[in-house]
Amino acid sequence: MLPCQRALFDIPRDVCFMNAASWSPLPIAVQEAGRAAVGHKGQPWKLSSTFQSDQYERARKAAAALIGADPADVALIPSVGYGVSTAGKVMPIARGSRVLVLQDDHTSPVLEWMSRADAAGFTVETVKQPTDGDWTSAVLEAIELPGAAPLALVSISSVHWSDGGALDMPRIAAAAKARGAALLVDATHDVGIRRIDVKALDPDFLIFPTYKWVLGPYGRAFMYVAKRHQNGVPLEQTAPARKAVAAEDTIYFRDLAYAEGARRYDMGERDHFISMEMAAVGMEMMASWGNGPIQARLTMLTDRLADGLANTGVRVIDKVLRAPHVLSLQFPKGMAPDLPKKLAAENVYAAPRLGRLRISPHVYNDEQDVDRFVEVFRKVAL
């Protein structure tokens, strides 16, 4: 099990921050990388000719390492929504077919298809939130629904942001493939925690940002693109997406063919090396600790939370169905709207999400944080 990494963060001892699923604190090393990069931008004449390209290839490699991908299959993008819009442009949905999404999922893997459905002639079907928290069974049932229209795409998060339900993606991927459907995975709440191997899972697209679980900044995200989709037209038309469009050449538009691999889908202004370097440092830290040790630590913390909150009247998803790093409390009589504020007044932080209280510890949390959370919760909520 990974030891607590609190010393690597700027978190006072009296702060109990259990809200990584909203945004993680930046490790001190990531903050320092950002400050140094701002200094580089302040004196750009000191940059080497390869500085920017070195930075984005470093970030691409770091992102690929977290999901078992080849760097050439990873695109540099600014957000999950950008990645889903790219997938929507690259991957046509047949008329008369259907796209599966999760109820109250993140907007990114849902709204893109809703906005296209009428004009393209397909339907978007919502998998209802299961009362028992078993998202996997609910999705499999929807995939295999007898008599349903042909299934074109399953576009879902691998961990539901509101209740912490963890989906069994290998089972879902196999079922989707058996129906000839594509799979798009929003892995926002998964990458860096549960092990992901895109070579085994074989999604069509898998996308994640850096500002939550992989300890990075806003505005940086990464998209795995299966090789079968690497011949599409990018969302933006940029020089780096082409084989040879460069101001340094004597002929500017020398070769307009698209670049090989997922690099053709890189965002414009990908040379934002300030936040790109920050993202790389955070992802490299996560990779150095490994999924197993991180998951063991976070499972220990959420189990301790669940035990400590027993007999308080709240309900949680069964352990086998929830993610190891997210514990969402359900209140049978409804959550008091001022509960998060009462917790925050005691320097205890969690997030209200769709009538639940979502608790999301990370590697900087320890048993003292858990015990304090339970103590304060019992004080202000009961």
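Below, the figures for the structure above:
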| read-out | value |
| --- | --- |
| Qualifying position, being under 24 Å from the mean Cα position of the chain (by Cα), in the same structural domain as SER157 (by TED's automatic domain parsing), assigned to a strand (DSSP E or B) and surrounded by 24 or more Cβ atoms within 10 Å (Cβ to Cβ), among LEU184, LEU215 | LEU184 |
| Count of the stretch 130-142 residues which are in contact with a helix residue (DSSP H, G or I) (Cβ under 9 Å, 6 or more places away or on another chain) and either crowded, with 20+ Cβ neighbours inside 10 Å or in a loop (DSSP other than H, G, I, E, B) (or both) | 6 |
| Any pair with Cβ under 8 angstrom, 6 or more apart, that starts in the stretch 293-314 at a residue that is closer than 19 Å to LEU357 by Cα and touching a residue at least 24 places away in the same chain (Cβ under 8 Å) and ends at one that is part of a helix (DSSP H, G or I) and of a type in the set (Phe, Trp, Tyr) | LEU305/PHE373; GLY308/PHE373; LEU309/PHE377; THR312/PHE377 |
| Residue within the stretch 55-76 that is modelled with pLDDT under 95 and over 21 Å from the mean Cα position of the chain (by Cα) present | yes |
| Unique residue being assigned by TED's automatic domain parsing to the domain that holds TYR265, in contact with a Ser or Thr (Cβ under 6 Å, 6 or more places away or on another chain) and crowded, with 22+ Cβ neighbours inside 10 Å when the list is PRO150, PRO109 | PRO109 |
| Any hit, the stretch 222-240, residues being assigned by TED's automatic domain parsing to the domain that holds ARG95, under 23 Å from THR302 (Cβ atoms) and not in a loop (DSSP other than H, G, I, E, B) | no |
| Among the candidates ARG254, ARG263, residue that is surrounded by fewer than 19 Cβ atoms within 10 Å (Cβ to Cβ), outside any loop (DSSP other than H, G, I, E, B) and in the same structural domain as VAL191 (by TED's automatic domain parsing) | ARG254 |
| Counted residues, the stretch 39-52 - those being in contact (Cβ under 8 Å) with a residue 60 or more places away in the chain and either of a type in the set (D, E, K, R) or out of contact with any helix residue (DSSP H, G or I) (no Cβ under 6 Å at 6 or more places or on another chain) (or both) | 3 |
| Odd one out for HIS106, checked against (1) out of contact with any helix residue (DSSP H, G or I) (no Cβ under 8 Å at 6 or more places or on another chain); (2) in a loop (DSSP other than H, G, I, E, B); (3) closer than 25 Å to ARG270 by Cα | (1) |
| Per-region count, the stretch 51-74, residues surrounded by fewer than 22 Cβ atoms within 10 Å (Cβ to Cβ) and in a loop (DSSP other than H, G, I, E, B) | 2 |
| Hey, ALA87 in contact (Cβ under 8 Å) with a residue 12 or more places away in the chain and either among the β-branched types (Val, Ile, Thr) or not in a helix (DSSP H, G or I) (or both) or not | no |
| Residue list for the stretch 267-308, filter: at pLDDT 95 or above, buried (at least 22 other Cβ atoms within 10 Å of the Cβ) and part of a loop (DSSP other than H, G, I, E, B) | MET267 |
| Verdict on VAL376 being of a type in the set (Val, Ile, Thr), under 26 Å from ILE28 (Cβ atoms), in contact (Cβ under 8 Å) with a residue 24 or more places away in the chain and surrounded by 14 or more Cβ atoms within 10 Å (Cβ to Cβ) | no |
| Evaluation of ASP369 against (1) buried (at least 22 other Cβ atoms within 10 Å of the Cβ); (2) part of a loop (DSSP other than H, G, I, E, B) (one fails), failing number | (2) |
| Residue match in the stretch 161-169 (condition: assigned by TED's automatic domain parsing to the domain that holds ASP204, of a type outside the set (Val, Ile, Thr), in contact with a helix residue (DSSP H, G or I) (Cβ under 8 Å, 6 or more places away or on another chain) and surrounded by fewer than 18 Cβ atoms within 10 Å (Cβ to Cβ)) | yes |
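Residues checked against (1) buried (at least 16 other Cβ atoms within 10 Å of the Cβ); (2) polar (S, T, N, Q); (3) touching a Leu at 6+ places or on another chain (Cβ under 6 Å); (4) assigned to a loop (DSSP other than H, G, I, E, B):
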site: MET1; (1), (2), (3), (4): no, no, no, yes
site: ALA21; (1), (2), (3), (4): yes, no, no, yes
site: TRP45; (1), (2), (3), (4): no, no, no, no
site: SER49; (1), (2), (3), (4): no, yes, no, yes
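Here is a yes/no grid of residues against (1) out of contact with any Lys or Arg (no Cβ under 7 Å at 6 or more places or on another chain); (2) under 28 Å from ARG358 (Cβ atoms):
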{"residue": "ALA117", "(1), (2)": "yes, no"}
{"residue": "PHE122", "(1), (2)": "no, no"}
{"residue": "LEU153", "(1), (2)": "yes, yes"}
{"residue": "ALA166", "(1), (2)": "no, yes"}
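The values are calculated or read from the model by the stated rules, or taken from the named source; none is laboratory data. Just so you know, these numbers come straight off a predicted model, no measurement behind them. Glycine gets a Cβ as well: all are built from the backbone with ideal geometry, and neighbour counts include every protein chain shown.
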